[in-house]
Structure formats: structure tokens, C-alpha cells
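**Q** Pasting a structure here, questions to come.
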Amino acid sequence: MTKPNWFDTRIEDALLAHNSPDDEQGYFVYQLDALKDHLEQLQQQDVIKLWFAVKANPLSKIIQTLDSANFNFDVASAGELAQVLAQGISPARILNTGPAKSKKQLKAFVKLGVKTFVVESLNQLTWLNEVITEQTLTEQGKVERPTVLLRVQLQWPDGEKNPLGGNSLTPFGLSVEEWQNVQVTDYPNLDICGLHIFQWGNMLSNEKMYSLWGQMVAPLTSLANDMGMKLKILDLGGGLGIDYLNEGKQLSWQQIIADLADIKAQSGVEELWLELGRFAVAECGYYVVPVVDRKVNYAQEQLVLAAGINHIIRPAITDQPFPVTLLRSSAAPSQAFDIHGPLCTSMDKLGHLTLPNDVTVDDKLVFGYCGAYGFTESMPFFLCHQLAAEYVFQAGALVEIRAALPATSYLA
Ligand SMILES: Cc1ncc(COP(=O)(O)O)c(C=O)c1O
């Protein structure tokens, strides 16, 4: 079986040689040299300001690699902020998104030097304005006004063609109707100069993406106008896709740049921002896990792995498996297996995927595209299994960044 195109064969020998007893329940590896090359390629343009959505992968080495490629950072919690600051990154390069910002959190972020906020409710807007007023009073001098973008959630009236495909209501941002009650001059301590919109996920078609972005321009520019806002910044979130299902679909970055240059001109903004998650880091990550059992059940071949959704939950919540390959080489013909983890729930399934039919107990499987929404998006505590280690592969060597931890480390 030849290695799939998502597998960087430069890491193969290191994975084959890695036999640490501590990692017998599965571990993550991130190929940092490949990540660096990819990020540098994304930066070869002057159309978009790029941010990294830290939620996709908050490992220190990943953040440092993004920093070295001049990315800025989108944080959505105090924990993410602390992790980015701990890498020595200036708060001036940090943006705060997320629907659960209390006044206390806003105050703490401002105190730590964060100057850019995506505001998602009327309360957040009022609180941030109050925080700056209070800070101005205590510091007895003019405090710099933070840059504020308002997050908009669009819906299309019944019967009208909806480019988003559905009108599901989320807590992310507010409708045009709600924001229309705001006049930016009512918030003198804030520089409200941008809009943020992001209501799509894992897009794999340039045409669809462009059409979607294009349909956002009119409602957003008209909203800015109604609010008395000079629209300087448009943030189109993330959502650029990864071909998890190997459908042969891939976004062209060059086309995205050309399309966004067009959107920028249409909307008349000075800056266009994206906060990339999976498109930045998914490809650099691998998850390696041993096979614990193989059996035939009602004529279906099943593999049971040492870990499943306790380490990588995404397949269960999106119904999209990560692609898999056998670590060793095999000339055996392929067949489809149901691949399960160790948890006592039928949700613990990593997919119905093809592998060589001589796969056996103690073989190791490698899952691809695990650089985003892997380790920190899992459910590690159920059944008291081990937390997975995280390694980086850099300059030809595998280096452990976070060791595996047994259940005794978190059970009280
Ligand atoms: C506000 C915001 N921006 C960007 C992203 C990154 O999305 P993606 O991984 O699809 O690029 C997310 C993900 O949830 C998000 O919530």
C-alpha cells in the first residue's frame, strides 16, 4: 500500500522507531518544518491580515511557529490568552472573540494589554465601554481606545435563497436588526470600525466561498452605514476547508487571494482579516495509535484501538473521519474496517475506513489532518484513560513537548 498524499513520508522513520511504553495509548506529532513552509506560503500576499484561531491547536510550539510566520492570534478564553502571552507575543497582536465575555473578563483582557475585540452582544459593547471609562478614571489620563468589530449573524427571510443553506440560530454575534439600534457615537471610548461574520464551516469550493462572501457585502456595508460606522475592517472568520474525506476537493489559496481582493474592493474596507484554524494547522498533525483487537462481528471486520474519541473526538461530532493509514508497509489488498476506540459508548468510532487486510493486533495506525481540533477537542477523562503525549518533528527529530499523563494525574 502506498502512503496517502496527506502523509509526509519524512516523518515515517521517526514514527516507526518511536516505541516508548508511555505512548502505547496513542500520541500526537506535529511536523513543524512542513507547517512553517505552509504558513510562509499563506503569507505571500498583501490582501489579508492573517490571525490564527488558537482553539484549533494551542500547543506552545505551534503558536511559536505561527508567530515566526508573522501570524496574529485570535483567543477565545482566558486560558488561550495566557498561553499566547506565555510565548512572549505582544498583546497588541491579539484579538478576542467568543460569545461568553463577561465584564470581568473584558476588564482582565484590557488590563493585560489586549486592544482588539470582536464584540458579540449589546452587553459586551456596554461593558467594554465601561471598562475603558473606569480605566481612564483610575489611570487619570486618556486610555487608548480599543479597536472593536461587531459580530453579525445573518439570516435570510423565508422563501429567499439562503447562501448559508440553513437559518440555524447560534449565540455567535447578533442580527442586523439588533445591531441597528446602535450608533457608534454612543460609545465614545471604543473605536468601532469593523464587522465580523463567520457562519460557514469546512468549505472546500472556491466558487461557493466567493459567492458566500460576496453575498455578505451588501447587508454588512448597509448595516455599517445605518450605525454611522466608517467600515474600515471586515473579518470573515475561518471556515476554509480540509479534504478529510479525500474527495479530491481542495481550495486554491491563490484563488482565495484573488477573490478576497475583489471582496475588499467591493466593500471598500482598508483591511480584510481571516482567523484561520484548520486551514493553517490541520495538515501538519498526525495521531498514532496501536490496534488492541481485531474481530469479525455480524460479517463486519472491526478494529478496536487503544484510544478513540478520548483523544480525537471530531469524527464522532461531525461524522467526518480523519483519514488513516497503516504505519508499517504492507502489500496486502485493502478492505474496509469499522474502527472503534475503547470507550463504552457506540459514539466511540473513528470511522469506516480502508486498510490493508493483514492489519493486526499491535500494529500502529496513523490518522492524518490531526493538527487542528485534535488533542484539546477530545473527551479525555471518560473511563480514566491516559492523556495523549504531544511531540513535534523538527529538523529530522521527534521531540516530546508534553508527556503522556496517566489517569492518576487528574483523578482526585
Ligand atoms: C471566531 C472564530 N474564528 C475562526 C475559527 C476557525 O475556524 P476554522 O478552523 O474553520 O478555520 C473559529 C472556529 O470555531 C472561530 O470560532
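The values are calculated or read from the model by the stated rules, or taken from the named source; none is laboratory data. Just so it is clear, the model here is predicted, and its values are computed rather than measured. Here Cβ is always computed from backbone atoms with ideal geometry, including for glycine, and neighbour counts include all displayed protein chains.
**Q** If a residue must be part of a loop (DSSP other than H, G, I, E, B) and buried (at least 19 other Cβ atoms within 10 Å of the Cβ), how many such residues does the stretch 191-226 contain? Let's see the steps before the verdict.
**A** Just the residues of the stretch 191-226 that are part of a loop (DSSP other than H, G, I, E, B), to begin with: 197-202, 204-205.
From what is left, the residues that are buried (at least 19 other Cβ atoms within 10 Å of the Cβ) are 197-200.
Residues in the stretch 191-226 being part of a loop (DSSP other than H, G, I, E, B) and buried (at least 19 other Cβ atoms within 10 Å of the Cβ): 4 in total.
**Q** Which ones in the stretch 19-33 are in contact with a Phe, Trp or Tyr (Cβ under 9 Å, 6 or more places away or on another chain) and either within 19 Å of residue 74 (Cβ to Cβ) or crowded, with 17+ Cβ neighbours inside 10 Å (or both)? So that I can check it myself, show each step before the final result.
**A** Step one: filter the stretch 19-33 for residues in contact with a Phe, Trp or Tyr (Cβ under 9 Å, 6 or more places away or on another chain), giving 20, 23, 26-33.
23, 26, 27, 28, 29, 30, 31, 32, 33, listed by residue number.
**Q** Would it be correct to say that residue 386 is under 23 Å from residue 8 (Cα atoms) and either in the same structural domain as residue 338 (by TED's automatic domain parsing) or of a type outside the set (D, E, K, R) (or both)? Walk me through it before giving the result.
**A** On the way: under 23 Å from residue 8 (Cα atoms): no; either in the same structural domain as residue 338 (by TED's automatic domain parsing) or of a type outside the set (D, E, K, R) (or both): yes.
Spelling it out, it is not the case that residue 386 is under 23 Å from residue 8 (Cα atoms) and either in the same structural domain as residue 338 (by TED's automatic domain parsing) or of a type outside the set (D, E, K, R) (or both).
**Q** Let me ask something else about it. Give me the pairs, please: first residue somewhere in the stretch 169-197 and away from the ligand (no atom under 16 Å from the Cβ), second residue anywhere and in a strand (DSSP E or B) and hydroxyl-bearing (Ser, Thr, Tyr), beta-carbon distance under 7 Å, and either six or more positions apart or on two chains.
**A** If the second residue must be in a strand (DSSP E or B) and hydroxyl-bearing (Ser, Thr, Tyr), the pairs left are 191/147; 193/147.
**Q** Still on this structure, I have one more. Among the residues of the stretch 385-396, is there at least one that is in a loop (DSSP other than H, G, I, E, B) and within 21 Å of the chain's Cα centre (by Cα)? Even if it seems obvious, please write down each step before you answer.
**A** First pass over the stretch 385-396, keeping only residues in a loop (DSSP other than H, G, I, E, B): 385-386, 388, 395-396.
Keeping just the survivors that are within 21 Å of the chain's Cα centre (by Cα) gives 388.
The answer is yes; a qualifying residue exists.
**Q** Kindly provide the set of residues from the stretch 45-65 that are part of a loop (DSSP other than H, G, I, E, B) and closer than 25 Å to residue 389 by Cβ, ordered by number. Break it down into steps so the answer makes sense when it comes.
**A** Step one: of the stretch 45-65, the residues part of a loop (DSSP other than H, G, I, E, B) are 45-47, 57-59.
Passing the criteria: 57, 58, 59.
**Q** Moving on. So which residues in the stretch 227-259 are more than 15 Å from residue 38 (Cα to Cα), away from the ligand (no atom under 12 Å from the Cβ), part of a loop (DSSP other than H, G, I, E, B) and among the small types (Gly, Ala, Ser)?
**A** Scanning the stretch 227-259 gives 228, 248.
The rows are residues; the columns are (1) away from the ligand (no atom under 13 Å from the Cβ); (2) farther than 13 Å from residue 238 by Cβ; (3) out of contact with any Phe, Trp or Tyr (no Cβ under 8 Å at 6 or more places or on another chain); (4) not small (Gly, Ala, Ser).
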site	(1), (2), (3), (4)
46	yes, yes, yes, yes
49	yes, yes, no, yes
52	no, no, no, yes
59	yes, yes, no, yes
68	yes, yes, yes, no
74	no, no, no, yes
83	yes, yes, yes, yes
86	yes, yes, yes, no
89	yes, yes, no, yes
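**Q** Return the only residue of 149, 128, 122 being modelled with pLDDT of 95 or more, touching a helix residue (DSSP H, G or I) at 6+ places or on another chain (Cβ under 6 Å) and assigned by TED's automatic domain parsing to the domain that holds residue 209. Spell out how you get there, then give the answer.
**A** Working: 149 fails: touching a helix residue (DSSP H, G or I) at 6+ places or on another chain (Cβ under 6 Å); 122 fails: touching a helix residue (DSSP H, G or I) at 6+ places or on another chain (Cβ under 6 Å).
Testing whether each residue is modelled with pLDDT of 95 or more, touching a helix residue (DSSP H, G or I) at 6+ places or on another chain (Cβ under 6 Å) and assigned by TED's automatic domain parsing to the domain that holds residue 209 leaves just 128.
**Q** Can you pull out every residue in the stretch 348-376 that is farther than 22 Å from residue 11 by Cβ and either surrounded by 15 or more Cβ atoms within 10 Å (Cβ to Cβ) or free of Cβ contacts under 8 Å to residues at least 24 places away in the same chain (or both)?
**A** Answer for the stretch 348-376, where residues must be farther than 22 Å from residue 11 by Cβ and either surrounded by 15 or more Cβ atoms within 10 Å (Cβ to Cβ) or free of Cβ contacts under 8 Å to residues at least 24 places away in the same chain (or both): 348, 349.
**Q** Another question, if that's okay. Tell me, yes or no, whether the stretch 137-148 has at least one residue that is buried (at least 16 other Cβ atoms within 10 Å of the Cβ) and under 28 Å from residue 212 (Cβ atoms). Spell out how you get there, then give the answer.
**A** Taking the stretch 137-148 as the starting set, the residues that turn out to be buried (at least 16 other Cβ atoms within 10 Å of the Cβ) are 143, 145-148.
Those still in the list that are under 28 Å from residue 212 (Cβ atoms) too: 147-148.
Yes: the stretch 137-148 contains one or more residues that are buried (at least 16 other Cβ atoms within 10 Å of the Cβ) and under 28 Å from residue 212 (Cβ atoms).
**Q** Quickly run through the stretch 66-121 and pick out the residues that are loosely packed, with under 14 Cβ neighbours inside 10 Å and not in a loop (DSSP other than H, G, I, E, B).
**A** The answer is 68, 79, 82, 86, 92, 104, 111.
**Q** Scan 266, 215 and give me the residue that is farther than 30 Å from residue 335 by Cα, touching a residue at least 24 places away in the same chain (Cβ under 8 Å) and touching a Pro at 6+ places or on another chain (Cβ under 6 Å). Show your work before the answer.
**A** Values: 266 fails: touching a Pro at 6+ places or on another chain (Cβ under 6 Å).
Checking each option against the conditions leaves just 215.
**Q** While we're here: Does residue 298 satisfy being free of Cβ contacts under 8 Å to residues at least 24 places away in the same chain, under 25 Å from residue 347 (Cβ atoms) and hydroxyl-bearing (Ser, Thr, Tyr)? Break it down into steps so the answer makes sense when it comes.
**A** Numbers: free of Cβ contacts under 8 Å to residues at least 24 places away in the same chain: yes; under 25 Å from residue 347 (Cβ atoms): yes; hydroxyl-bearing (Ser, Thr, Tyr): yes.
So residue 298 passes the test.
**Q** For the stretch 40-72, what are the residues that are of a type outside the set (Val, Ile, Thr) and within 24 Å of residue 312 (Cα to Cα)?
**A** Here is the first cut: in the stretch 40-72, the ones of a type outside the set (Val, Ile, Thr) are 40-46, 49-53, 55-61, 64, 66-72.
Passing the criteria: 52, 53, 55, 56, 57, 58, 59, 60, 61, 64, 66.
**Q** Considering only the stretch 272-318, state which residues are part of a loop (DSSP other than H, G, I, E, B) and within 14 Å of the ligand (Cβ to nearest atom).
**A** Within the stretch 272-318, the first condition is being part of a loop (DSSP other than H, G, I, E, B), and the residues that meet it are 277, 298-299, 306-313.
Listed by number, the list holds a single entry, 277.
**Q** Right, here's the next one. Have a look at 305, 274 and point out the one that is over 30 Å from residue 42 (Cα atoms), crowded, with 20+ Cβ neighbours inside 10 Å and not β-branched (Val, Ile, Thr).
**A** Values: 274 fails: over 30 Å from residue 42 (Cα atoms).
Every option except 305 fails the conditions.
**Q** Being of a type in the set (S, T, N, Q) and within 13 Å of the ligand (Cβ to nearest atom) is the filter; apply it to the stretch 198-212 and report the residue that is nearest to residue 229 (Cα to Cα). I'd like the intermediate steps shown before the answer.
**A** Restricting attention to the stretch 198-212, the residues satisfying the condition of being of a type in the set (S, T, N, Q) are 199, 202, 205-206, 211.
Of the ones still in play, those that are also within 13 Å of the ligand (Cβ to nearest atom) are 199, 202.
Details: 199: 22, 202: 31 Å.
Ranking the candidates gives 199 first.
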